[in-house]
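S.K.: Let me give you the structure first, and then I'll get to my questions.
Values quoted throughout were computed directly from the atomic coordinates according to the rules given, and no laboratory measurement underlies them. Please read these numbers as outputs of a predicted model, since none were measured by experiment. Methodologically, a virtual Cβ is constructed for each residue, glycine included, from the backbone with ideal geometry; neighbour enumeration extends over all protein chains shown.
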Amino acid sequence: MERNALRSFEQDFLIEYTHNSTAIEGNTLTLLQTKVVLEDGISVGGKTLREIYEVVNHGKAFAYVQKCISEGRPLTENIVKDVHALLMENILDGGIYRSVEVRISGAKHKPPAPSEMYYQVKEFYRALAAEHGMNPIELAARTHAEFVKIHPFVDGNGRTSRMLMNYQLMAAGFLPVSIAKEKRLEYFETLEAYAVDGDLTRLQRWSLRWKSGVLTNI
């Protein structure tokens, strides 16, 4: 692929990925508005500052992920905290684990209390470092779902988990994934099945779709 064409593809993906990932969490900017904010640095009337920052920050966080991968850095706790801090810039203090209990609206699964969460998140990183032999697509899916299940931050866990999924995919040489906002319900049901029942079936089905090459917008 020619350099200009590749650059255009990457920019188109960034806009779509940012739009989908923020819209899944309730951001109301349209795809075109997301493009204007990211490419032109222009604010959009009728939107909250938080929504604008969510879009801007998502672009910064993805650029950081790409930089880390280009440097050959494996996914670590420090990188995860940095990603979250970038996503939450000008919104709340990012990169700090929660000290309060949280609930996921509409979900059966209740994330662990802070004391248990600290233990689970340390186990998460320990397992991450030990799973070198796992299929990279399955590893990306499991990393994503397990992080959401633990919910280590007060806010921004969904956007962070999707960044971690793409970190694992790109580090293994795969294209990044943009989960379409229209698939929001199916996506949440997939994560819920894993969190409540440990059911990996739906995650594996999604993994097969990634493996078959449907990698940019599932």
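S.K.: Which one, Asn135, Gly106, Ile91, is farthest towards the positive end of the dipole of the range 86-135 when Lys and Arg carry +1 and Asp and Glu -1 on their Cβ?
M.R.: Gly106
S.K.: While we're here: Can you pull the Kirkwood radius for the chain, inverse mean 1/r over Cα pairs, to one decimal in Å?
M.R.: Result for the chain, one decimal place: 17.7 Å.
S.K.: State, to one decimal in nm, how far the label point of Thr28 lies from the label point of Asp40, with both points 7 Å from Cα in the Cβ direction.
M.R.: 2.1 nm
S.K.: Just need the relative contact order of the range 23-109 here, percent rounded to a whole number, with Cα pairs under 8 Å and 6+ apart.
M.R.: 22 percent
S.K.: Could you tell me, in Å, what Rg and Dmax come out for the Cα atoms of the range 59-132?
M.R.: 14.3, 40
S.K.: Same structure, new question: What FRET efficiency do you get for Met134 and Asn90 if R0 is 25 Å and r is their Cβ-Cβ distance, rounded to the nearest 0.05?
M.R.: My answer for the efficiency is 0.10.
S.K.: As a test of the formula, what do you get for the chain when each DSSP H run with n ≥ 4 contributes -39,500 (n - 2.57) and the sum is divided by the residue count, at 222 nm and rounded to the nearest 500 deg cm²/dmol?
M.R.: Helix contribution divided over all residues of the chain: -20500 deg cm²/dmol.
S.K.: I've got another one for you. Contact order normalised by length for the chain, with contacts defined as Cα pairs under 8 Å and 6 or more residues apart; what percent is it?
M.R.: Result for the chain is 21 percent.
S.K.: Next question, about the same structure. How large is the charge dipole for the range 117-159, taken about the Cα centre, if only the Cβ atoms of Lys, Arg (+1) and Asp, Glu (-1) carry charge, to the nearest 20 debye?
M.R.: Roughly 60 debye for the range 117-159.
S.K.: Whole-Hz Karplus ³J(HN,Hα) for the range 113-118, in order, using 6.51 cos²θ - 1.76 cosθ + 1.60 and θ = phi - 60°, x for Gly and Pro?
M.R.: Using θ = phi - 60°, the values come out as 4, x, 4, 6, 4, 4 Hz.
S.K.: Just how large is the dipole of the chain about the Cα centre, in debye to the nearest 20, putting +1 at every Lys and Arg Cβ and -1 at every Asp and Glu Cβ?
M.R.: Using only the charged Cβ atoms, the result is roughly 180 debye.
S.K.: Could you run the Karplus curve 6.51 cos²θ - 1.76 cosθ + 1.60 with θ = phi - 60° over the range 187-201 and give me ³J(HN,Hα) per residue in whole Hz, x for Gly and Pro?
M.R.: Using θ = phi - 60°, the values come out as 4, 5, 5, 5, 5, 5, 4, 6, 5, 8, 10, x, 7, 8, 4 Hz.
S.K.: Tell me, how many Å apart are the Cα centres for the range 85-100 and for the range 143-206?
M.R.: Here the two parts' Cα centres lie 19 Å apart.
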